[in-house]
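The block underneath contains the structure these notes are about, expressed in structure tokens.
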Amino acid sequence: MSLIKRNGLLPQTFPALFDDFFGRELFNWGNNNYSATSTTVPSVNIRETGDNFEVEMAAPGMTKNDFKVELDGNTLTISSQKEQRQESDQDGYSRREFSYQSFQRSFVLPKDVVDVEHIAAKYENGLLHLTIPKQEQAKQKAPRLIEIA
């Protein structure tokens, strides 16, 4: 990148570029999965196959009962709300600790493509896995040879 100097002044785009570059979380590279409130949001992988859409959400340390998977119209929402409390009384001292953890991720499913009646979910080894089948007419067909007359 080269800077252009005109009459001793820098172009007007330079301050915007400077603010954008230094306004980012330059030295906090591990923050990609943080929300605006600095809480973590689980990573999600989405893959399309010929027959299904497959969603994998990384959520180690949770159980299947910690999740709520809901379909409203064509919006699929995965959420969780977890509360932990610890209390101890020792030698006249009381200690109470509690924490709350929650997240919500929403995805818009393509209309007239998804078979909403057969969506399946399972939680195993720290991964929430959803299989979202396609309707028969939306499934990818095998290539066929067209004969030339």
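The values are calculated or read from the model by the stated rules, or taken from the named source; none is laboratory data. Quantities reported herein were computed from a predicted structural model and do not represent experimental measurements. Note: ideal-geometry Cβ built from the backbone for every residue, glycine included; neighbour counts use all protein chains shown.
Scanning the stretch 67-94 for residues that are modelled with pLDDT under 90, surrounded by 10 or more Cβ atoms within 10 Å (Cβ to Cβ) and within 29 Å of N125 (Cβ to Cβ) returns Q81, K82. As a summary of the residue check, A149 satisfies the conditions (1) closer than 18 Å to V41 by Cβ; (2) surrounded by fewer than 10 Cβ atoms within 10 Å (Cβ to Cβ) except for the one numbered (1).
Table: residues versus (1) hydrophobic (A, V, I, L, M, F, W, C); (2) in contact with a Pro (Cβ under 7 Å, 6 or more places away or on another chain); (3) modelled with pLDDT under 90.
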site	(1), (2), (3)
R96	no, no, yes
S99	no, no, yes
F107	yes, no, no
Y123	no, no, no
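Kindly indicate whether K111 is under 30 Å from A142 (Cα atoms) and modelled with pLDDT under 90. So K111 passes the test.
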